[in-house]
1. Asn257: net charge of surrounding residues, Cβ under 10 Å, Lys/Arg +1, Asp/Glu -1, itself excluded?
2. Find the all-direction average of the projected area of the Cα convex hull for the chain, expressing the result in square nanometres with one decimal place.
3. Would you work out which of Leu69, Ile91, Gly351 lies farthest towards the positive end of the dipole of the stretch 2-372? Charges go on Cβ: Lys and Arg +1, Asp and Glu -1.
4. Give me Ile225, Ile107, Ile58 sorted ascending by neighbouring Cβ count inside 10 Å, so fewest comes first.
5. Using θ = phi - 60° and the Karplus form 6.51 cos²θ - 1.76 cosθ + 1.60, what ³J(HN,Hα) does each residue of the stretch 162-168 get, whole Hz, x for Gly and Pro?
6. Please find, in a Gaussian network model of the chain (springs between Cα atoms separated by less than 10 Å), the residue of Arg370, Arg76, Arg45 whose mean-square fluctuation is greatest.
7. Within 10 Å of each residue's Cβ, count the other Cβ atoms and sort Asp255, Asp308 from fewest upward.
8. How large is the charge dipole for the stretch 2-372, taken about the Cα centre, if only the Cβ atoms of Lys, Arg (+1) and Asp, Glu (-1) carry charge, to the nearest 20 debye?
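No value in this document is a laboratory result; all are computed from the given coordinates. What you are looking at is a predicted structure, and each value in this text was computed from that prediction instead of being measured. Because the Cβ atoms are built from the backbone with ideal geometry, glycine has one as well, and the counts that use them run over all protein chains shown.
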Amino acid sequence: MRRFFRGLWEIFRKGDMILLLMCVVTSAFGCLAIASATAHHETLRYVIIQMGAIVIGIVFYVAVSCIDLEFISEHRIVLVIFNIFLLLLLIPFGVDFKSGNKSWLDIPFVPVSIQPAELCKITFVLILASVMSTYQQRISSPKSVITMVLHLMLLVGLNIALSKDVGVSLIFVFIFIGMAFSGGVHMGWFLAGAGTLVLAAPVAWNKFMDPHQKNRILILFDPTIDPQGIKERYHTKRSLLSLTGGGLLGQGLFDGNRTQIGALPAQHTDYIFSAIGEEMGYVGCILVLVLLVAIIARCIQVGTRSQDYMRRMVCFGAASALIFQVCSNVGMCIGVTPVIGLTLPFISYGGSSVVSLYAMLGLVSGVHARPAPKSHELYVRPY
């Protein structure tokens, strides 16, 4: 017990409290935006749940900061089995909440719904960092790249097959790309992957994509599809009306003429960026982006300061996940990327998302506290 408290004190002393402060400030701003976006419901339920998730997230942040990455690296097969088990729970307990994607777990006697892919996002970063660390001296070898790709295909394939949630699955792909690129994988592999995708795209388009999924992509290039915005373009049209309706300074918090009557779809989750634009204007949107970019930059900074390859990859993996999620959500709100239902990190309402984000960044805090393994942990890993 004394050892535990000593380790906890070490985390508070050496952990990344600056990053934690950034996350808390961004989350507090998100709570304010959620309070305004849900004011028409005349209840504080959403804000209370979000604040509770933030508190739990902070606890996870501190707990994950204590994780021994060397121990995790030696037992990554346990994480792989955990991911498979977690996703298989979607078969008996998966629900879609009218989203079309059976990506949530509604388990009896568990008071909250859980999105397993959010947790798998953290374990995938650890698994991939461990694999890359094992092969770091020959990271571009066929064995190394094939091993990495197999881990990606297992997770993405299982998640899509069981939940049909392509949006969340793309996060895993972008984590893979970001970590592989920053880890030194030869550019030839990226060109080969891009070529494979080009060849496979027509088959995937015709065989595996539903008409509504195709239209979500086509409306970005074809203005003749639903020009009145009553079908495929409905969400984008509403989003742009709110986002541009606030001007420079916005219509005022709790005063947005669309937000306060609930006219913007998913205005406290997927489209909260548009609600912020309506009520706080472009200044509010820029503030959100500054806060999120600061968090991403901090992750990258911690990673670049670490001399240990695996620890760097963990930080870059966390940054990659955040970059993709921010770009995807903001792009969806301004109508330049497909609608795939990803939330805005730390801003959108969602307990699973908030807790998983704090836990993932707890890994970065752990790297900040221990930027290199202790001398007795250094050894040559077998290939």
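1. On the way: positive: Arg258; negative: Asp255, Glu278, Glu279.
Charge balance in the 10 Å sphere: -2.
2. On the way: hull surface 80.9 nm².
Spelled out: convex hull of the Cα atoms, projected over all directions, averaged, 20.2 nm².
3. Checked the options; the winner is Leu69.
4. Values: Ile225 15, Ile107 12, Ile58 18.
If I rank by nearby Cβ atoms, fewest first, I get Ile107, Ile225, Ile58.
5. Along the stretch 162-168, the couplings run 8, 10, 6, 8, 5, x, 5 Hz.
6. Of the options given, Arg45 has the highest mean-square fluctuation.
7. Asp255, Asp308
8. On the way: 26 positive and 19 negative charges, 148 e Å.
Computed charge dipole of the stretch 2-372: roughly 700 debye.
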